[in-house]
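Below is one structure, written out as structure tokens; comments come after it.
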Amino acid sequence: MPPPVALYIHVPFCISICPYCDFVVYAGREARGERSRLTAFLAALHVELDLRADLLATQSAGQPRPPLRSVYLGGGTPSLLSAPQVADLLDHVARRYGMAADAEVTIEVNPGPADRGDLRGYRAAGVGRVSIGVQSLQASELRTLGRRHSAADVAATVDLARAAAFDSVSIDLLYDIPGQTLETWSATLHMALGLAVDHVSAYALALDDPAAEGLTGILGDHRPVRAGARAWRDRVRPGQDEDRAAEMYELASDRLEGAGLAGYELSNWALAGHESRHNLVYWQREPYAGLGPGAHAFDGAGRRTWTAASLADYLSVLTPAHRVAASLPVGGVELIDDSAAVAEAAILGLRLRQGIPVELARHPGVSAGLAWGMSHGLLEPVLTRVRLTPRGRLLADEVFARLLPAGATASYREAAA
């Protein structure tokens with residue numbers, strides 16, 4: 001298998017769990033205090049890192065491997081880790097996988113003072129990019145989402161990141177929040193631009209059910225939604241509106257582009273040179289590795305794997321008692337056939353502003369769907385490529401649905417995540 005060019009590390013802990021969150025997260029006493037499992041998790045994570053590096057070395061049959069181009073610490077709240085813990089982890093990654101001298105290293109942080117972590121220490125440990133989970137800059141919307149920070153906390157976190165001399169500072173925002181209006185979304189965008197960050201991600205709030213989609217269970221990569229969170233979703237879902245969400249997306253695109261942040265991907269805008277190199281690996285279907293509960297890996301061709309979400313199972317096999325040999329945690333595998341691979345390449349490529357090569361657009365597996373998009377003004381040819389039009393970016397899912405071969409929905413869902 002081709003060696004990975006990127007590594008994702010999932011840190012599955014938060015001080016509290018937001019009711020809309022579908023990520024693999026453990027909170028409360030498991031995240032901090034005397035009964036925290038964070039230290040035990042880190043011990044297991046280092047074991048997994050070694051086991052997967054050993055497996056990769058065996059698969060490469062001693063051939064030299066290129067160093068990683070990116071490492072991404074996501075979660076959860078990786079900023080619950082101390083700076084020495086992050087430094088130790090990155091040093092271990094460099095020793096076992098290799099890291100390019102200019103590798104992009106990202107850490108996600110929450111902006112609240114209790115969980116933003118030691119930004120100056122992370123920078124000294126080798127992290128160059130920080131991604132701040134803002135979601136909204138309106139107090140009422142933050143309360144609706146169950147977030148624990150304020151707009152002032154966000155500004156303070158950005159200031160601290162700048163003082164620590166990070167190469168890139170990014171923020172995440174949500175729209176189509178129940179109770180949100182075009183006016184409050186406009187105010188959030190205005191305040192976000194006032195922060196003068198390098199990168200903005202903006203996503204429509206999704207209130208899905210992982211269990212209904214078959215993503216939970218022993219081998220699942222998601223945890224079941226808690227009863228309280230399920231009740232919250234049922235209560236607020238009627239407050240969402242697709243047409244209003246489309247207006248919010250257009251407003252965000254216009255404002256961000258007007259401020260010099262180019263929309264290089266459907267949900268991502270950046271100043272030149274500050275695009276997420278790690279996420280580009282996903283969208284360009286390059287091989288990547290994953291560590292931690294719920295983490296995914298991809299061989300760049302036709303094999304996708306993931307680790308099950310259970311933290312208890314993860315700890316028990318990687319740090320077993322009674323001197324039993326450690327083993328890799330259980331998970332799932334998805335084999336992607338040629339037709340699904342072509343569809344994924346087209347869908348992920350079209351998410352990017354540059355679009356896809358004409359040669360791919362002419363492939364029999366996707367040409368009919370792309371012709372439909374062309375006829376409806378959702379796609380346009382640009383020199384030797386095909387890309388979404390501004391209207392097509394609003395209706396991208398309509399195009400993507402027509403590119404999928406029968407039975408390939410799960411493949412697309414994972415590839416686009």
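Things worth noting here:
- Residue satisfying condition, being touching an Asp or Glu at 6+ places or on another chain (Cβ under 8 Å) and aliphatic (A, V, I, L, M), within set Val197, Val225: Val225
- Test: residue in the stretch 114-121 that is farther than 22 Å from Thr307 by Cα, of a type outside the set (Ser, Thr, Tyr), modelled with pLDDT under 95 and buried (at least 20 other Cβ atoms within 10 Å of the Cβ): yes
- Residues being within 25 Å of Val86 (Cα to Cα) and either touching a Cys at 6+ places or on another chain (Cβ under 9 Å) or among the small types (Gly, Ala, Ser) (or both) - total across the stretch 125-147: 7
- The set of residues in the stretch 1-46 being free of Cβ contacts under 8 Å to residues at least 24 places away in the same chain and of a type in the set (D, E, K, R) consists of Arg29, Glu34, Arg35.
- Against the criterion of being in contact (Cβ under 8 Å) with a residue 60 or more places away in the chain, closer than 20 Å to Cys14 by Cα and either assigned by TED's automatic domain parsing to the domain that holds Phe13 or in a loop (DSSP other than H, G, I, E, B) (or both), Ser170 qualifies.
- Residue match in the stretch 45-66 (condition: charged (D, E, K, R), buried (at least 18 other Cβ atoms within 10 Å of the Cβ) and over 27 Å from Arg323 (Cα atoms)): no
- Within the option set Val109, Val130, Val25, being under 30 Å from Met248 (Cα atoms) and in contact with a Lys or Arg (Cβ under 7 Å, 6 or more places away or on another chain) holds for one residue only, Val109.
- For the stretch 185-201, taking the residues that are small (Gly, Ala, Ser) and under 19 Å from Ala161 (Cβ atoms), the one that is surrounded by the most Cβ atoms within 10 Å (Cβ to Cβ) is identified as Ala192.
- Test: residue in the stretch 271-285 that is of a type in the set (Val, Ile, Thr) and touching a strand residue (DSSP E or B) at 6+ places or on another chain (Cβ under 7 Å): yes
- Scanning the stretch 359-381 for residues that are surrounded by 13 or more Cβ atoms within 10 Å (Cβ to Cβ) and out of contact with any strand residue (DSSP E or B) (no Cβ under 7 Å at 6 or more places or on another chain) gives Leu360, His363, Gly365, Val366, Ser367, Gly369, Ala371, Trp372, Met374, His376.
- Number of residues in the stretch 330-374 that are out of contact with any helix residue (DSSP H, G or I) (no Cβ under 9 Å at 6 or more places or on another chain), of a type in the set (S, T, N, Q) and free of Cβ contacts under 8 Å to residues at least 24 places away in the same chain: the value is 0.
- Elements of type helices (runs of 4 or more DSSP H) in the stretch 80-154, at least 1 residues being in contact with a Ser or Thr (Cβ under 7 Å, 6 or more places away or on another chain), touching a residue at least 24 places away in the same chain (Cβ under 8 Å) and not aliphatic (A, V, I, L, M): 139-145
- Boolean, Gly373 is under 17 Å from Tyr203 (Cα atoms), modelled with pLDDT of 95 or more and not assigned by TED's automatic domain parsing to the domain that holds Val24: no
- Here Pro178 clears all of (1) crowded, with 22+ Cβ neighbours inside 10 Å; (2) out of contact with any Asp or Glu (no Cβ under 8 Å at 6 or more places or on another chain) except the condition numbered (1).
The values are calculated or read from the model by the stated rules, or taken from the named source; none is laboratory data. Note that the coordinates shown come from a computational prediction; the quantities given were computed from them, not determined experimentally. Positions of Cβ are backbone-derived with ideal geometry, glycine not excepted, and every protein chain shown enters the neighbour counts.
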